[in-house]
Amino acid sequence: MSGPSVKPLSAGGRAVTHSSNGGKPIHLFHWYEDGVLRTAFERVASRHGSTPDALDRLLREVGLDLAYEGEESGAGTSVDTKAAVFALTERLTGVRVTEETVRDAEYLLGHVPEEPAEDWSGVVVDITDAQGERFLREFTREEVDASVECARAGAMAAVVVLGASSPDS
């Protein structure tokens, strides 16, 4: 998620997004502050935004070489780009993504039947945290479809709001 949908979320605060496509090693990073895209990049050496160099110190601290693109940094040390971007995000937000965070999180899935889609058998969540620990989980299409049905059933259920004086509150 990035672009117009994140700008309002960052109003009065900060929003950081990063994503990876899971195939070709594309790692997109966006840092918004008070509705303004401050720094964004796919490749660290090609940053853009209103303050593309504002994160230079942090980028170096997490092991990303600002001038070199590739698996090896200019210093000759191997850097896991995905883990480094997680470390950068943690430093900007104070939120650490761990295996427990991903495992215990609730995911909101949407289903858009009007959109034709190729056959697919599942979804893979593959995350390496800032400490290099990997979380890998595959959700089958059946699990995703069951979650969609559960969400639809929940959306149709009656909502009861209890007041402070209610015996059940």
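The values are calculated or read from the model by the stated rules, or taken from the named source; none is laboratory data. As the structure is a computational prediction, the values presented were derived from the model and not from experiment. Heads up, the Cβs are rebuilt from the backbone with ideal geometry, glycines too, and the neighbour counts pull from every protein chain shown.
Looking only at segment 147-161, decide whether some residue is of a type in the set (Gly, Ala, Ser), assigned to a loop (DSSP other than H, G, I, E, B), modelled with pLDDT of 75 or more and within 21 Å of the chain's Cα centre (by Cα).
no
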message: Condition check: surrounded by fewer than 11 Cβ atoms within 10 Å (Cβ to Cβ), of a type in the set (Gly, Ala, Ser) and either at pLDDT 90 or above or closer than 20 Å to Arg14 by Cα (or both). Does Gly94 satisfy that?
response: yes
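Checking the structure you have, find out if any residue of segment 63-78 is modelled with pLDDT of 80 or more and surrounded by fewer than 14 Cβ atoms within 10 Å (Cβ to Cβ).
no
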